[in-house]
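Below: one structure, written as C-alpha cells.
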Amino acid sequence: MKSLCLHPLLAPSSALVGRKVFANHLTTKCFPKQLRFHSRYVVVSSYSSSSATLSAESEVDKKQVFDGDEAALLVRELRNNFDSGKTKSYEWRISQLQAISKMLEEKENEIIDALHKDVSKPRLEAYITEVFQAKTSCNEALQELKHWMKPEKVSTSITTFPSSAEIVSEPLGVVLIISTWNFPFSLSLDPVIGAISAGNTVVLKPSEIAPATSSLLANFLETYLDNSAVRVVEGAVPETTALLDQKWDKILYTGSARVGRIVMAAAAKHLTPVILELGGKCPAVVDSNINLQVTARRIIAGKWACNSGQACISVDYIITRKDFAPTLIAALKEELENFFGKDPIESKDMSRIVSPTQFARLVKLLDEDKASDKIVLGGQRDEKKLKIAPTILLDVPEEAMVMQEEIFGPILPIITVDNIEDSYGIIKSRPKPLAAYLFTNNEQLKKDYVDKISSGGMLINDAVVHVVATRGLPFGGVEESGMGCYHGKFSFDSFSHKKAVLYKGFDSDPDIRYPPYTPEKAKMLRAILDGNIFAIILALLGWSK
Amino acid sequence: MVFDGEAAASLVKEMRLSFNSGKTRSYEWRISQVNAFLKMVVEQEDQIIEALRSDLAKPPLETVVYEIGMFKNSCEVILKELKQWMTPEKAKTSITTFPSSAEIVPEPLVLSLDPVVGAIAAGNAVVLKPSEISPASSALLAKLLAEYMDNSCVRVVEGAVDETTALLQQKWDKILYTGNGKVGRIVMAAAAKHLTPVTARRIISGKWGCNNGQACISPDYVITTKDFAPKLVDALKVELENCFGKNPLESVDLSRIVSSNHFARLTKFLDDDKVSGKIVYGGEKDESKLRIAPTLLLDVPRDSLIMTEEIFGPLLPIITVNKLEESFDFINEGTKPLAAYLFTNDNKFKEEFVKNVSAGGLLINDTVLHLVVHSLPFGGVGESGMGAYHGKFSFDAFTHRKAVLYRGFTGDASLRYPPYTDTKQKTMKALVAGDVTGVVRALFGWS
C-alpha cells in the first residue's frame with residue numbers, strides 16, 4: 001500500500017508542523033469531499049486558536065493557504081506560458097534538462113542527506129536508486145531528444161495516392177505529477193524529466209511524508225529551472241485536492257490503488273488522461289535449479305536492501321517447493337548476516353520504516369495470530385528507531401493479513417508448493433502485480449512463466465533492476481497495478497500527443513469519389529479499395545468518360 | 001429478458017473464464033476470427049447496405065467505401081502484420097544490467113467493427129454494445145456476430161442507457177468509447193483560383209458525402225478570408241449541384257438525419273435569430289423524411305448557437321477573417337478538435353498550421369481521408385478524446401506491453417550488496433557512470 005497523502009501521521013515526534021499533521025490526522029477513513037471539509041475546518045481553527053500546543057502552527061499561519069483559487073491561478077499561468085510556445089522549442093527543453101543535470105551534479109550530497117533524513121536511506125542505495133536513476137533519465141533524454149522529437153514518416157497506400165503522412169509528437173500542455181515518499185526524489189524527478197522533454201509545463205506535488213526531500217525539490221527546482229514553466233506545490237490532502245480540481249492535460253500519479261481511483265475520478269471530470277503507477281504483491285518464484293547464493297543475494301537486494309521492502313517492485317512474497325524451502329531459508333539467513341551483520345537493526349545499510357503509522361501497520365501484520373507463529377527468522381523491532389529486522393515467515397495461511405495486502409516492508413512470507421507449476425494458480429488468484437520474478441535455470445519454466453503470468457514487468461533471475469537504469473523497457477502496471485507507463489522514450493511518448501498528419505496535393509482528383517454515385521464509380525472504387533489491379537483495369541476499360 | 005446488472009456480471013464472468021482458458025491468445029484463433037469477419041462482410045454485404053439504408057438512408061456507395069471497404073482494409077492489415085506485432089520486441093539493455101537481454105512482450109487485455117477486430121487481434125475477449133440510435137445496424141451486428149464469430153469470446157449486447165449502465169458497472173480491462181464529447185472540426189481554406197473546385201469538392205465529400213455531416217471528423221465549419229469567401233461559396237454551390245442535383249432533398253446520394261431528436265436539434269440551429277439572413281444556400285428541410293438539404297451559412301456571429309456546439313449535420317457555417325493567420329487563434333481558443341483541415345498551396349503556411357494547431361489528426365488539402373491510412377493513429381486529444389486506434393495502434397491499444405528482463409547467474413559483483421564500504425561506493429558509482437577508468441581505479445584502491 002503506497003498511499004501518500006491520505007495516510008495519517010500520528011507521532012508527536014513527527015517533523016511536520018501542525019497544519020499538515022492535523023490535516024492528515026483526519027483523513028483515515030473519509031471520502032475525499034469530507035476530507036477537504038475537515039482539512040479546511042482544521043486549518044481555520046488553527047488560525048484562530050491560541051493554544052500552546054499549536055505554537056508550531058503559528059509559523060504556518062503566515063504561509064499562504066494553497067486552495068482552489070490558488071490552484072486555478074497556477075494552472076492558468078502555466079497554460080498561458082505554455083500557449084506562448086516557449087516550452088515547445090528543442091532549445092528550451094535541452095536547457096532545462098541541462099539544468100537538471102547540473103543540479104544532480106552540484107547537489108548530490110544535499111539530495112542524499114535529505115533522503116537519509118526522510119527514510120534513513122543508506123547513502124549508496126540513495127545514490128543508485130535515486131540520484132543515479134535521475135541522472136540516467138536525464139542523460140538519455142539529452143542524448144535522444146532530437147531523435148524523439150522528429151516526426152515519424154509513415155507509409156500510405158493507393159487509396160490516398162498521391163499523399164505523404166507522418167506522426168508528429170506535440171506536447172499536451174500542463175502536466176501534474178503527484179509523487180510518493182519511498183523514492184521521493186527519483187519518482188518525482190523522473191516524470192518531470194519526461195514531461196519537460198515532451199515540451200510541457202509541469203507542476204510537481206511531492207509527498208509530504210518525505211518532507212526533507214519535498215522542500216529540497218521545491219527549493220532546487222525553483223533555483224535551477226524555468227519557473228514560468230516548472231513549479232512545485234508542497235502540501236498534503238488539501239493542496240492535492242485543490243490541484244486535482246483543476247483541468248490538467250495529463251496527470252501522472254504514483255501511489256496506492258485506492259488513491260489512484262480518486263485521482264482517476266477527478267481526472268475524468270475534465271477528460272484528463274492519466275498514468276497511474278500503483279503497486280501490488282510482487283511474487284518471486286524460486287526454483288531449485290538455480291545458483292543458490294546469487295539467488296539469495298538478489299532476493300535480499302530486491303527486498304531489504306531496497307528501502308527495507310518499501311518499494312512498489314520489492315519482492316513481496318516467495319513461492320518455492322516444500323522440499324527446497326529449508327535450503328532457501330538457510331541461504332537467505334547466511335547472506336542476510338553477511339549484509340547486515342548479526343544485529344540488523346543496528347546496521348546503517350538498511351533503511352528505516354518511514355513513519356510510526358507504517359510501523360504500526362507492519363507490526364500488526366507480524367503479531368496477528370495466524371502469522372506470529374510462522375516466523376522463522378527475525379521479528380525484532382525497535383519502535384524508537386522505526387526499524388524492523390529482516391523477517392521471514394514460512395507457510396502463513398492465505399487468509400493471514402500479511403498475504404491479503406501489499407506488505408511494503410521488511411517481512412517476507414514464503415509459501416510452499418508441491419510442484420513449482422502450482423505457483424501459477426497462486427499468483428493468478430491475486431490482482432496483477434507491478435512486477436513478477438522468477439529464479440531458475442530451466443528454459444521451459446522461464447518461457448511458461450513469461451507466457452502465463454501477467455504483470456507490469458518481469459525479471460528473470462534478479463529483482464528490481466529491470467526498472468533501475470535499464471534503457472528500452474517501459475515501466476508501468478496493468479490492471480490493479482496501474483495504467484500507462486514511462487521511462488526513457490516511453491516518458492516522452494506518454495507526455496506527448498501523437499498527431500496524425502496526412503498531406504495531399506491538388507492533382508489527381510478523380511470524379512469517382514464524388515456523387516452522383518453511379519454503378520461504374522462503385523466498381524472502380526471497390527477495385528481500388530481492394531487494391532485489385534485487374535479489377536481496376538477492367539473497370540477503367542468498362543468505364544468511359 | 002432484461003439485461004440488468006446481474007446479466008452483465010454473468011456475461012463478464014463468462015468472458016473472463018473464456019479468456020482465462022487461453023484460447024484467445026493463440027495466433028490461430030485470432031486469425032480465424034479476423035477471417036470470419038472478412039467472410040461476414042463479403043457474404044452479408046447486401047444486408048449491411050440495407051441496414052444502413054434503413055437507419056440513415058445511407059447511399060450504398062458510401063456504405064461500400066466507408067463502412068465495408070475500410071473495415072476490410074483493417075482486417076487485411078491485421079492478417080498481414082499480426083505475426084510481426086505479436087513477436088516480442090527486443091529492447092536494449094545497459095551496462096548496469098549486463099549480462100541480460102530484454103524484451104517487450106505484448107499480452108492481451110481481457111474483456112468492442114474496427115475496434116472489435118483490433119481487440120481480437122490483440123487476443124482479447126470482446127463485448128460490443130452498438131448504438132441503439134441505429135437499430136437496424138445494431139440488430140444486424142448482433143445477428144451476424146453470433147453467426148460468424150466464436151461466441152465464447154465475442155458477444156454483442158444491444159440496448160440503450162440501462163444496458164450500457166449495467167455494462168459500465170462491471171470491471172473491464174479496457175473500454176473503447178466512441179461518441180459524445182466536444183469534437184469540433186475545422187476547415188480552413190485558402191486555395192488558389194483554379195484549385196477552388198477541387199477544394200470545394202473535397203469539402204463536400206468530407207461533409208455531405210460522409211453521412212450527411214453526421215461524422216466525428218466531418219468539417220464542422222470553414223474559416224477563410226473575407227476576400228475569398230464569395231469565391232468559395234460560389235464554387236461550393238456549383239459542386240453541390242453537380243453532386244446532389246437541383247433538388248438535394250430528393251437525392252438518393254444523401255443520407256438522412258438519423259432521428260427526430262437530431263432533426264429537431266439541427267432545426268434549432270437554423271431557427272436561431274442570430275443566423276437569420278446568413279443562409280446563402282440550402283436550408284430546405286422535410287420533417288417527414290428527416291431530411292435536411294446541404295446548407296451554407298456565411299458570417300454567422302461567433303456566439304450563435306451553431307458556433308458554440310458541435311453541428312453533426314449538413315449545415316456548414318463559413319467564418320471570415322481579414323488575414324488567414326487569425327484563424328490559428330480562432331481555432332486554438334476552442335477545445336481541441338478531433339481533426340483539423342487546411343487547404344493551401346503555401347508550404348510555409350502548411351508548416352505553421354502543423355506546428356501550431358493541435359488536434360487529433362490533421363489533413364492538408366483534403367478532408368476525412370486520413371482515417372483510411374492505417375499507419376496513422378486515429379484518436380483525439382484534450383476534449384476530443386484520449387488514446388488511439390487503427391492498424392497497429394489498435395493492437396497496441398488493446399495490449400499490455402509487459403517489460404521482461406532476463407538475467408543469468410554469472411556476473412554477480414558483490415559490490416552491489418551491503419555492507420556498503422567506501423570502496424564499493426566509489427566502484428559502484430564509477431561503474432554506473434560507465435566510467436571504466438574510474439572502475440579500475442576504485443577496484444585497485446587508487447581513488
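State which residue is nearest to the chain's Cα centre (by Cα) when the search covers only region A:424-441 and only residues that are at the interface with chain B (Cβ under 10 Å from one of its Cβ atoms) and surrounded by fewer than 16 Cβ atoms within 10 Å (Cβ to Cβ). So, considering only residues that are at the interface with chain B (Cβ under 10 Å from one of its Cβ atoms) and surrounded by fewer than 16 Cβ atoms within 10 Å (Cβ to Cβ), the one nearest to the chain's Cα centre (by Cα) is A:428. When region A:295-335 is filtered for residues that are small (Gly, Ala, Ser), buried (at least 24 other Cβ atoms within 10 Å of the Cβ) and over 16 Å from residue A:466 (Cα atoms), the ones remaining, listed by number, are A:296, A:308, A:309.
In region B:333-353, which residues are under 19 Å from the mean Cα position of the chain (by Cα) and either crowded, with 23+ Cβ neighbours inside 10 Å or within 21 Å of residue A:507 (Cβ to Cβ) (or both)? Outline the logic, then answer.
Pass one, region B:333-353, residues under 19 Å from the mean Cα position of the chain (by Cα): B:335-341.
Across region B:333-353, the qualifying residues are B:336, B:337, B:338, B:339, B:340, B:341.
Would region B:236-250 turn up any residue that is assigned by TED's automatic domain parsing to the domain that holds residue B:368 and in contact with a Ser or Thr (Cβ under 6 Å, 6 or more places away or on another chain)? Outline the logic, then answer.
Kept after step one, since they are assigned by TED's automatic domain parsing to the domain that holds residue B:368, are these residues of region B:236-250: B:236-250.
Okay, now just the ones that are also in contact with a Ser or Thr (Cβ under 6 Å, 6 or more places away or on another chain), so B:244-245.
The answer is yes, given that some residue of region B:236-250 is assigned by TED's automatic domain parsing to the domain that holds residue B:368 and in contact with a Ser or Thr (Cβ under 6 Å, 6 or more places away or on another chain).
If we scan region B:66-74, do we find a residue that is of a type outside the set (Asp, Glu), modelled with pLDDT of 90 or more and not assigned by TED's automatic domain parsing to the domain that holds residue B:378? Scanning region B:66-74 turns up no residue that is of a type outside the set (Asp, Glu), modelled with pLDDT of 90 or more and not assigned by TED's automatic domain parsing to the domain that holds residue B:378. Of everything in region A:341-351 that is within 13 Å of chain B (Cβ to nearest Cβ) and either surrounded by 23 or more Cβ atoms within 10 Å (Cβ to Cβ) or β-branched (Val, Ile, Thr) (or both), the residue that is nearest to the chain's Cα centre (by Cα) is A:351.
Could you please let me know if residue A:378 is surrounded by fewer than 22 Cβ atoms within 10 Å (Cβ to Cβ) and small (Gly, Ala, Ser)? Spell out how you get there, then give the answer.
Numbers: surrounded by fewer than 22 Cβ atoms within 10 Å (Cβ to Cβ): yes; small (Gly, Ala, Ser): yes.
Taking the combined requirement at face value, the residue satisfies it.
When residues of region A:283-292 are filtered for being outside any strand (DSSP E or B), touching a Phe, Trp or Tyr at 6+ places or on another chain (Cβ under 8 Å) and within 13 Å of another protein chain (Cβ to nearest Cβ), how many remain?
So the first thing to find is which residues in region A:283-292 are outside any strand (DSSP E or B), and the list is A:287-292.
Restricting the remaining residues to those that are touching a Phe, Trp or Tyr at 6+ places or on another chain (Cβ under 8 Å) gives A:287-288, A:290-291.
From what is left, the residues that are within 13 Å of another protein chain (Cβ to nearest Cβ) are A:287, A:290-291.
The total comes to 3.
Which of (1) in the same structural domain as residue A:129 (by the TED database); (2) under 22 Å from residue A:374 (Cβ atoms) does residue A:271 not meet, given it meets every other one? All conditions pass for residue A:271, except number (2).
Criterion applied to A:223, A:213 was being surrounded by fewer than 20 Cβ atoms within 10 Å (Cβ to Cβ), away from chain B (no Cβ under 14 Å) and within 19 Å of residue A:106 (Cα to Cα), and the one residue passing it is A:223. If the condition is being surrounded by fewer than 20 Cβ atoms within 10 Å (Cβ to Cβ), touching a strand residue (DSSP E or B) at 6+ places or on another chain (Cβ under 9 Å) and at the interface with chain B (Cβ under 7 Å from one of its Cβ atoms), then region A:492-524 contributes A:498, A:505, A:506. For region A:72-101, the tally of residues that are loosely packed, with under 12 Cβ neighbours inside 10 Å and basic (Lys, Arg) stands at 0. Only one of the listed residues (A:295, A:320, A:327) is more than 14 Å from every other protein chain (Cβ to nearest Cβ) and assigned to a helix (DSSP H, G or I). That residue is A:327. Exactly one residue among A:180, A:159, A:129 is among the β-branched types (Val, Ile, Thr), over 17 Å from the mean Cα position of the chain (by Cα) and in the same structural domain as residue A:87 (by the TED database), and that residue is A:159.
The set of residues in region A:442-474 being more than 7 Å from every other protein chain (Cβ to nearest Cβ) and among the acidic types (Asp, Glu) consists of A:443, A:448, A:451.
Per-residue answers, yes or no, for (1) under 26 Å from residue A:309 (Cβ atoms); (2) in a helix (DSSP H, G or I); (3) in contact with a Pro (Cβ under 6 Å, 6 or more places away or on another chain); (4) in the same structural domain as residue A:111 (by the TED database):
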| site | (1), (2), (3), (4) |
| --- | --- |
| A:138 | no, yes, no, yes |
| A:142 | no, yes, no, yes |
| A:189 | yes, yes, no, yes |
| A:196 | no, yes, no, yes |
| A:209 | yes, no, no, yes |
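Does residue B:280 satisfy being touching a helix residue (DSSP H, G or I) at 6+ places or on another chain (Cβ under 7 Å), among the β-branched types (Val, Ile, Thr) and at pLDDT below 90? When the stated conditions are applied, residue B:280 does not pass them.
Let's see how each residue does on (1) under 16 Å from residue B:214 (Cα atoms); (2) surrounded by 14 or more Cβ atoms within 10 Å (Cβ to Cβ):
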| site | (1), (2) |
| --- | --- |
| B:278 | no, yes |
| B:281 | no, yes |
| B:303 | no, no |
| B:313 | yes, yes |
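The values are calculated or read from the model by the stated rules, or taken from the named source; none is laboratory data. The structure presented is a predicted model; accordingly, all values stated were derived computationally and were not measured. Note: ideal-geometry Cβ built from the backbone for every residue, glycine included; neighbour counts use all protein chains shown.
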